[in-house]
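K.L.:
This structure is in structure tokens; I'll ask about it shortly.
The values are calculated or read from the model by the stated rules, or taken from the named source; none is laboratory data. Since we're looking at a predicted model, the values are computed, not measured. Cβ coordinates were reconstructed from backbone atoms using ideal geometry, including for glycine residues, and neighbour counts include every protein chain displayed. For the accessible areas, the whole protein counts, side chains as well, though only heavy atoms, and no ligand, DNA or RNA atoms are used. Shrake-Rupley method; radii C 1.70, N 1.55, O 1.52, S 1.80 Å.
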Amino acid sequence: MINIPATIRISLRALRVNKMRSALTMLGIIIGVSAVITMLAVGTGARQRIGEQMASIGSNLLMVLPGSTTSGGVRMGAGTQPTLSTGDAEAIQKECLSVMYVAPVLSGVAQVIYGNQNWSTGITGTTTNMLQVRDWPLSAGRPFTDEEMRSASKVCLLGQTVVDNLFGGINPIGQIIRIKNVPFTVVGVLDAKGQDPGGHDQDDTVYVPVTTAQKKLFGTAFPGMVRIIMVKAKSADDLASAEKEITELLRQRHHIGQKQDDDFTVRNLTQMMQAAEQSTKVMTLLLGAIASVSLLVGGIGIMNIMLVSVTERTREIGIRMAIGAKTWDIRLQFIVEALTLSMIGGVVGIIIGISSSEVVSMLFGWPTVISPVSIFLSFGFSGFVGIFFGFYPAYKASLLDPIEALRYE
Amino acid sequence: MALIETQNINKIYSLGDVEVNALKNVSLSIEKGEFIAIMGPSGSGKSTFMNVLGCLDKPTSGIYLLEGIDVARMNRDELAAIRNKKLGFVFQGFNLLSRTSAMENVELPMLYDGLPAGERKEKVMAALAVVGLAGREDHHPNQLSGGQQQRVAIARALVNNAPIILADEPTGNLDTKTSIEIMELFVRLNGESHITIILVTHEKDIAEFSRRRIFFRDGVVVSDELSGKT
Ligand SMILES: Nc1ncnc2c1ncn2[C@@H]1O[C@H](COP(=O)(O)OP(=O)(O)O)[C@@H](O)[C@H]1O
Ligand SMILES: [Mg+2]
């Protein structure tokens, strides 16, 4: 019968005898585990941030931009020529079956003044649908009414950053602010959203009716011109069909012939974000894999030391065998020893890994996330390394001939 | 039934082309409670024979019955169990685990027998008391004299109540006075506990303590005599 507590005691004593050597052997595992933990923390943090930003942009989004991606053989940046109109937006809303909400956007940067405070911010001329498209609720007040939209009323919704910079404590609802010297009544405040994937503060914005933006704030090349049309598809599965429907509809509306290029571009934002998320995922795995190599090297270090230890303790093994140690008594003794080395190394590595993730996020400002999975994983992996690399030395020890082992000097 | 019975045991070591016939047709019968000295010149096969008796080595041919059981058929782990329960070993060089207390050295056979901790401690104390080392349980081998170390080894051989103690030149590393003390301990264990003792020595004085002497020469038993001493 194998006596586990005694085996553990025997192994611990053997490790204590060679403190320095044990510590150095553990170092390999410590470095490996802490590298794995840190890499996974950085990767997971990056992924989580992208995930949050995806949610903050809104789901199932398409963006229609003016201009073609290729125009007359010359590659043109999308959005160079104004070709989209409020009418296009309305038509998409009416005719495209895969589309849920449509919001045209005409935006620009302007100075916003309240009392003696002023703030330069992005002005977004759009419709109430924008709040649905972006999954963006109001934290106070109300959205624009249909009447306000129709009559190009001078009303606005403020982002939280604008509220903070202009009002500081005062309730902004009902107050009058001046945008490009035009007085606007604040009717609502947008919920705080944070940064978008590009690192821009999404709350630094003012929403006005698109009609008002066209007529009172920004010039338009033609009546009803908009810069962008934001589209929310009914579901993720509808994104592709929505893209096709919109393309067909706009080609028809813009009288584009069979051989001509589109004068607009439909971008699938959700797909782009997912691609970004996917690439971070791959990067995380890659970093983790590289870090695992050092864990592997640590494991080889353990095997090396265990082989030395078996040779050094040949006589001890002979004594134990003479006294009645069976094959697995000897094997377990050395496996437990290797396991102890790797597990202690693993625990220390986890602690160091967690601290160094903190340091990384403090020094570089990267978000890091320690997932319990990565901790379990590294703990389990270091245990596996101990057993795996401890087995061969243990196996060798158990095969020794007791007489020869006893004679070993 | 004899405690130990060997029939025509041969042990041949092959070293390349050369074959060393270390034991030649050794047939012996040993009863329970005997005190035997195995003697003979160096290289005569004494240690080889002890290793066979100790189930550490298997004979090339012949039969070895231990308590009537044919040991040749046993595998490694079964032999380990036999050594653990039936045999106690005492070596010339003591063979204690260094950096390990007397207590833990004596405890060792019981660890491999799976005895609970409480029982182990009790038995260790009793065995150390028998060999006259009560109170030394926490000493490490390097804190003990040669004689004391050999006593620890004897306590280790006793602790599992093995009926046989095999001692290969147990006094080889000890001075005369200490050797006599160790031999007196063996005599006492043999007399009081009826433990069968088989020891190897080439010293006549040491062999005097036994009641039966077996002489080896070139792997052959050349004489097997009972002394008048009882
Ligand atoms: N492992 C071995 N390999 C080869 N020859 C051995 C081995 N062990 C012992 N011998 C030989 O067997 C003979 C008997 O040895 P041994 O039993 O040790 O003698 P003793 O103990 O009586 O001095 C010697 O000739 C020795 O050289
Ligand atoms: Mg010898």
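K.L.:
What ³J(HN,Hα) values, in whole Hz, does the Karplus curve 6.51 cos²θ - 1.76 cosθ + 1.60 give for segment A:161-169 when θ = phi - 60°, with x put for Gly and Pro?
P.N.:
Calculated HN-Hα couplings, in order: 5, 5, 4, 4, 7, 9, 9, x, x Hz.
K.L.:
Take each of the peptides B:35-43, A:24-32, average the number of other beta-carbon atoms within 10 Å over its residues, and list them starting from the highest.
P.N.:
Result, highest mean Cβ count within 10 Å first: A:24-32, B:35-43.
K.L.:
Provide the solvent-accessible area of B:HIS194, counting protein heavy atoms only and rolling a 1.4 Å probe, rounded to the nearest 10 Å².
P.N.:
Accessible area of B:HIS194: about 110 Å².
K.L.:
Continuing with the same structure: Whenever you get a sec, line up B:GLU192, A:GLU337 from highest to lowest accessible area (probe 1.4 Å, protein heavy atoms).
P.N.:
B:GLU192, A:GLU337
K.L.:
If you rank A:THR311, A:THR161 by how much accessible surface each has, with a 1.4 Å probe, what is the order from largest down?
P.N.:
A:THR311, A:THR161
K.L.:
Can you give the relative contact order of chain A as a percent, counting alpha carbon pairs under 8 Å and 6+ residues apart?
P.N.:
29
K.L.:
Right, something else. With +1 on the Cβ of every Lys and Arg and -1 on the Cβ of every Asp and Glu, and nothing else charged, how large is the dipole of chain B about its Cα centre, in debye rounded to the nearest 20?
P.N.:
For this selection, approximately 80 debye.
K.L.:
Rounded, prolate or oblate: pick one for segment A:104-226, where a ≥ b ≥ c are the square roots of the eigenvalues of its C-alpha gyration tensor, a/c under 1.5 means rounded, and failing that, prolate if a/b is larger than b/c, else oblate.
P.N.:
Rounded, because the longest to shortest axis ratio a/c is under 1.5.
K.L.:
Which cross-chain or sequence-distant (5 or more) residues have an amide H under 5 Å from the amide H of A:VAL189, H modelled 1.01 Å from N in plane?
P.N.:
The answer is A:SER139, A:ALA140, A:GLY141, A:ARG142, A:LEU158.
K.L.:
Let me ask something additional. Would segment B:118-226 count as rounded, prolate or oblate if I go by the C-alpha gyration tensor, calling it rounded below 1.5 in a/c and otherwise prolate when a/b exceeds b/c, oblate otherwise?
P.N.:
It is prolate, given that a/c is not under 1.5 and a/b is the larger ratio.
K.L.:
With +1 on each Lys and Arg Cβ and -1 on each Asp and Glu Cβ, and nothing else charged, work out how big the dipole of chain A is about its Cα centre, in Debye to the nearest 20.
P.N.:
The calculation lands at about 880 debye.
K.L.:
Pick out, from B:HIS194, A:LEU40, A:GLY224, the residue whose Cα sits farthest towards the positive end of the charge dipole of the protein assembly as shown, with +1 on the Cβ of Lys and Arg and -1 on the Cβ of Asp and Glu.
P.N.:
A:GLY224
K.L.:
Still on this structure: Could you sort A:TRP366, A:TRP119 by accessible area so the largest value comes first, with the probe set to 1.4 Å?
P.N.:
A:TRP366, A:TRP119
K.L.:
Same structure, new question: Per residue of A:327-336, what is the mean number of Cβ atoms on other protein chains within 10 angstrom of that residue's Cβ?
P.N.:
Shielding by partners across A:327-336 averages 1.
K.L.:
Kindly report the accessible area of segment A:104-226 per residue (heavy atoms of protein chains, probe 1.4 Å, no ligands, DNA or RNA), in Å².
P.N.:
42
K.L.:
Which shape class, rounded, prolate or oblate, goes with segment A:174-223 when its Cα gyration tensor gives a ≥ b ≥ c as root eigenvalues, a/c under 1.5 marks rounded, and past that a/b bigger than b/c marks prolate?
P.N.:
Oblate.
K.L.:
Let me ask something additional. Tabulate in residue order the Karplus-calculated ³J(HN,Hα) for segment A:243-260, using 6.51 cos²θ - 1.76 cosθ + 1.60 with θ = phi - 60°, rounded to whole Hz; enter x for Gly and Pro.
P.N.:
4, 5, 4, 5, 4, 4, 4, 5, 4, 5, 5, 8, 6, 9, x, 3, 8, 7
K.L.:
Using the Karplus equation 6.51 cos²θ - 1.76 cosθ + 1.60 (θ = phi - 60°), what ³J(HN,Hα) coupling, rounded to whole Hz, does each residue of segment A:28-39 give in order, writing x for Gly and Pro?
P.N.:
Per-residue couplings from phi come out as x, 5, 4, 4, x, 5, 5, 5, 4, 4, 5, 4 Hz.
K.L.:
Now a separate question. Could you give the dipole magnitude of segment A:104-226 about its Cα centre, charging the beta-carbon of Lys and Arg +1 and that of Asp and Glu -1, in debye to the nearest 20?
P.N.:
480
K.L.:
Scan around B:ASP168 for amide H atoms under 5 Å from its own, H built in the peptide plane at 1.01 Å from N, and keep only partners 5 or more places away or cross-chain.
P.N.:
Correct list: B:VAL90, B:GLN92, B:VAL200.
K.L.:
Give me, ordered by chain and number, the residues 5 or more places off A:TYR101 or on other chains with an amide H under 5 Å from its own placed amide H.
P.N.:
The list, which skips near neighbours in sequence, is A:LYS232.
K.L.:
In the neighborhood of A:GLY288, defined by Cβ-to-Cβ distances under 15 Å, what is the net charge if each Lys or Arg adds +1 and each Asp or Glu adds -1?
P.N.:
Residues close to A:GLY288 contribute a combined charge of +2.
K.L.:
Provide a whole-number value for the mean count of partner chain Cβ atoms within 10 Å of the Cβ atoms in peptide A:400-409.
P.N.:
Counting other chains' Cβ atoms within 10 Å and averaging over A:400-409 gives 3.
K.L.:
Exactly which trypsin sites (Lys or Arg not before Pro) in segment A:182-246 are in a DSSP loop and have at most 16 other Cβ atoms within 10 Å?
P.N.:
Passing both the DSSP loop test and the Cβ count: A:LYS234.
K.L.:
Now for a separate question. Provide the net charge surrounding A:ALA192, with neighbours chosen by a C-beta distance below 12 Å and charges set as Lys +1, Arg +1, Asp -1, Glu -1.
P.N.:
Net of charged neighbours comes to -4.
K.L.:
Quick one: accessible surface of A:PHE264, probe radius 1.4 Å, all protein chains present, in square angstrom to the nearest 10.
P.N.:
10
K.L.:
Then there's this: On a C-alpha basis, how far is the centre of segment A:105-171 from the centre of segment A:21-69 in Å? Whole number, if you could?
P.N.:
For segment A:105-171 versus segment A:21-69, the Cα centre distance is 34 Å.
K.L.:
Suppose R0 equals 35 Å; then what is the FRET efficiency for A:VAL109 and A:ALA236 from their Cβ-Cβ distance, rounded to the nearest 0.05?
P.N.:
0.60
K.L.:
Under 10 Å, Cα contacts only: if you run a Gaussian network model on chain A, which one of A:PHE334, A:PHE222, A:PHE144 comes out with the highest mean-square fluctuation?
P.N.:
Largest GNM mean-square fluctuation: A:PHE222.
K.L.:
Summing both sides, how much accessible area is buried between B and A? Use a 1.4 Å probe and give Å² to the nearest 100.
P.N.:
Chains B and A together bury approximately 2400 Å².
K.L.:
Sticking with this one: Note down the net charge around A:ALA89, summing +1 for each Lys or Arg and -1 for each Asp or Glu among other residues with Cβ under 13 Å from its Cβ.
P.N.:
+1
K.L.:
Run the 1.4 Å probe and let me know the accessible area of B:HIS139, rounded to the nearest 10 Å².
P.N.:
60
K.L.:
Let me ask another. Sum -39500 (n - 2.57) across every DSSP H segment of at least 4 residues in chain A, then divide by the residue count to get the 222 nm mean residue ellipticity, nearest 500.
P.N.:
One gets -18500 deg cm²/dmol as the mean residue ellipticity at 222 nm.
K.L.:
Separation between the B:VAL222 and A:GLU358 pseudo-spin-labels, each 7 Å from Cα along Cα→Cβ, expressed in nm?
P.N.:
About 8.0 nm separates the two model spin labels.
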